[in-house]
Amino acid sequence: MNDILIQNIGELILPKKTDRPLKGKKLNELTVIKNGTVAVKDGKVIYAGEHSEEYEAKEVIDASNKVVSPGLIDAHTHLVFGGSREHEMALKQQGVSYLDILKQGGGILSTVESTRKSTEEELYNKSKKEIVRMIQFGTTTVEAKSGYGLDKETELKQLNVAHQLDKDTPIRMKHTFLGPHAVPKDAKDNATFLQEMIDLLDDVKDKADFADIFCETGVFTTEESRRYMKAAKEKGLKVKIHADEIDPLGGLGLAIDEGAISADHLVASSEEDKAALKDSNTVAVLLPGTTFYLGKDQYADARGMIDQNGAIAIATDFNPGSCVTDNLQLVMSIAALKLKLTPNEIWNAVTVNASKAIDADAGTLEKGDQADVVVWDIPNHEYLPYHYGVNHAQTVIINGKKVYENTGLLTES
Ligand code: NIG
Ligand code: FE
């Protein structure tokens with residue numbers, strides 16, 4: 001019985017589905033209805049709009065003038081991994097850079113070691129906790145990457161764990177193979193290792209929606225990334241890329257050229273590449289939580305991309321090294337403070353545009369849509385990025401089913 005009626009909605013946030021991904025000025029357009037109603041039947045939205053008394057359901061939620069939106073979509077996470085890297089925090093404080101830690105065999109490579117050692121069950125239990133937390137924070141769809149195996153056995157282990165969690169938990173998932181995420185210590189050379197990952201595409205293609213690669217100094221070049229993307233497309237996978245995160249290698253231009261569904265990070269992308277976003281369907285997935293966590297001053301040029309009519313989304317990049325949070329609400333605040341996005345742009349960036357970036361059937365509340373809905377304990381939609389670092393999610397509904405409720409203190413005294 002996935003029927004729910006939500007009444008007394010102070011503000012009902014309705015991102016527009018037409019023209020996905022929303023580009024340029026359209027990103028700032030958001031329908032916000034005062035005193036709204038949402039009606040859900042059999043897991044689907046049958047009505048979302050102005051107040052209506054026409055609908056009935058066994059379960060009626062009184063939103064008490066609070067805000068209701070589609071569930072958030074986290075379009076970029078490294079969900080499944082073993083271990084943790086808190087010791088790197090001191091290194092960072094001493095000024096050792098992210099790429100230097102990686103060069104010394106730490107960073108991603110240390111997580112590879114822990115992930116290889118972890119059993120499937122250990123990875124499952126650890127990642128499940130993260131999923132529960134994501135749901136509590138209002139995330140109802142998540143993209144999960146592999147990439148901490150760098151070998152067949154462990155990459156498949158990560159993908160299998162993610163698929164099992166997809167089955168066992170209410171969250172919706174998309175799956176990404178990120179075999180070329182780093183070059184293992186014992187690899188002959190980058191090109192040989194890349195070929196191994198290309199050869200793996202056949203084994204993972206039925207377990208992944210996307211193929212991703214880390215295009216960065218000391219990791220993979222743009223030429224290698226192009227080779228990988230072409231091979232992945234031949235196997236029927238859509239492609240994504242970690243591009244221009246630290247150095248301006250031109251990964252964004254490559255992504256647009258290869259018709260990537262998204263290009264992610266883009267802190268150091270060139271003016272020319274940013275301008276080219278407008279004529280493409282590639283979504284720029286910006287990860288300002290990562291820039292914040294790496295302690296960098298330069299953030300992705302979100303305003304420049306939007307002003308030039310590009311499409312952007314916002315995601316956490318949740319991972320054990322460069323952004324250790326699965327709280328997308330926090331990243332929405334960082335997007336307001338550091339990327340200078342407006343509240344409307346931010347809501348669109350974590351709903352419709354995020355859904356386009358991972359080809360998800362989510363992010364809007366139109367008739368017939370899957371009913372993934374969040375009731376937020378905030379007075380209006382501008383309030384969420386403003387009051388930062390806390391959890392505003394009151395009730396989370398996935399597929400028309402209440403899956404989380406913040407019930408407050410166990411006792412009032
Ligand atoms: O998106 N930069 C590459 N990959 C991740 C970080 C992974 C890690 O440090 O474990 C990122 O930032
Ligand atoms: Fe990432």
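The values are calculated or read from the model by the stated rules, or taken from the named source; none is laboratory data. Small disclaimer: the values here were computed from a predicted structure and weren't measured. Backbone-built Cβ (ideal geometry, glycine too); neighbour counts: all protein chains shown. For accessibility, only protein heavy atoms count, side chains too; no ligands or nucleic acids. Shrake-Rupley method; radii C 1.70, N 1.55, O 1.52, S 1.80 Å.
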Problem - In Å, descending, principal axis extents of the Cα set of the stretch 290-411 - result: 43, 39, 30
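Normalised radius of gyration for the stretch 151-247, please: alpha carbon Rg relative to 2.2 N^0.38 Å, two decimal places. Walk me through the intermediate numbers first.
Values: Rg = 13.5 Å, N = 97, 2.2 N^0.38 = 12.5 Å.
Ratio of Cα Rg to 2.2 N^0.38 Å: 1.08.
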Fill in the blank from the handout: Length gained if Arg303 through Glu50 is fully extended, taking 0.36 nm per residue and subtracting the Cα-Cα distance, is 87.8 nm
Practice task
Would you please give the FRET efficiency between Ala187 and Lys278, computed as 1/(1 + (r/R0)^6) with r the Cβ-Cβ distance and R0 = 35 Å, to the nearest 0.05?
Solution key: 0.35
Fill in the blank from the handout: Packing-ranked peptide list from 116-123, 19-26, highest mean Cβ count within 10 angstrom first, is 19-26, 116-123
Problem - Peptides 234-247, 73-86 ordered by average Cβ neighbours within 10 Å, highest first - result: 73-86, 234-247
Exercise for the section: Provide the descending list of Cα extents for the chain along its principal axes, expressed in whole angstroms. Expected result: 68, 46, 44
Fill in the blank from the handout: A student asked for the Cα radius of gyration and Dmax of the stretch 369-413 in angstrom ought to give 12.6, 42
Practice task
Work through the residues other than Ile135 whose Cβ is under 12 Å from its Cβ and net out their charges, Lys, Arg +1 and Asp, Glu -1.
Solution key: +1
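How big is the charge dipole of the stretch 73-357 about its Cα centre, in debye rounded to the nearest 20, if each Lys and Arg gets +1 on its Cβ and each Asp and Glu gets -1 on its Cβ?
Roughly 600 debye, rounded to the nearest 20.
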Exercise for the section: Specify which residue in the list Ala336, Asn348, Gly363 is farthest towards the positive end of the charge dipole of the stretch 329-369, using unit charges on the beta carbon of Lys, Arg (+1) and Asp, Glu (-1), about the Cα centre. Expected result: Ala336
Handout entry: Nearby aspartates and glutamates by direct alpha-carbon distance to Lys340 (threshold 17 angstrom, same-chain neighbours under 8 apart not counted)
Key = Glu29, Asp297, Asp301, Asp307, Glu382
Exercise for the section: Report the local net charge at Asp244: Lys and Arg +1, Asp and Glu -1, summed over other residues whose C-beta lies under 10 Å from its C-beta. Expected result: -4
Exercise for the section: With a 1.4 Å probe and every protein chain kept in, tell me what percent of the accessible surface of the chain is carbon plus sulfur. Expected result: 47 percent
Problem - Which of Pro21, Thr141, Val96, positive extreme of dipole for the chain (C-beta unit charges) - result: Pro21
Handout entry: In Hz, Karplus ³J(HN,Hα) per residue of the stretch 79-95 (6.51, -1.76, 1.60; θ = phi - 60°; x = Gly, Pro)
Key = 4, 9, 7, x, x, 7, 9, 4, 5, 6, 4, 5, 4, 4, 5, 7, x
Problem - All lysines inside 19 Å of Lys34 as judged from Cα atoms, apart from same-chain residues fewer than 8 positions distant - result: Lys16, Lys66, Lys367
Handout entry: Solvent exposure of the chain as accessible area per residue, Å², 1.4 Å probe
Key = 40 Å²
Handout entry: Degrees separating the helix 190-204 axis from the principal Cα axis of the chain, which is the longest one
Key = 40 degrees
Practice task
Filter the cross-link list Lys103/Lys188; Lys128/Lys402; Lys26/Lys401; Lys233/Lys278 down to pairs whose alpha-carbon distance in this structure exceeds 24 Å.
Solution key: Lys26/Lys401
Practice task
Would you work out which of Pro184, Thr291, Leu249 lies farthest towards the positive end of the dipole of the chain? Charges go on Cβ: Lys and Arg +1, Asp and Glu -1.
Solution key: Thr291
Exercise for the section: Could you tell me whether the stretch 39-119 comes out rounded, prolate or oblate from its Cα gyration tensor? Rule is a ≥ b ≥ c as square roots of the eigenvalues, rounded for a/c under 1.5, then prolate if a/b exceeds b/c, otherwise oblate. Expected result: prolate
Problem - Spatially proximal lysines relative to Lys240 (Cα-Cα < 17 Å; intrachain offsets below 8 disregarded) - result: Lys145, Lys174, Lys205, Lys207, Lys230, Lys274, Lys356
Fill in the blank from the handout: Distance in nm between Asn28 and Lys167 label points, each 7 Å along Cα→Cβ, equals 4.8 nm
Problem - Modelled FRET efficiency - R0 35 Å, Glu121 with Asp199, Cβ distances, 0.05 increments - result: 0.80
Practice task
Give the percent of DSSP beta bridges with both residues in the chain that are antiparallel, rounded to the nearest 5.
Solution key: 45 percent
Fill in the blank from the handout: Sorted on mean Cβ neighbours within 10 Å (highest first), peptides 171-178, 277-284, 202-209 come out as 171-178, 277-284, 202-209
Practice task
Could you please tell me the mean projected area of the C-alpha convex hull for the stretch 8-68, averaged over all directions and given in square nanometres to one decimal?
Solution key: 4.8 nm²
Handout entry: For Glu196, net neighbour charge (Lys/Arg +1, Asp/Glu -1) across residues whose Cβ lies under 9 Å away
Key = -1
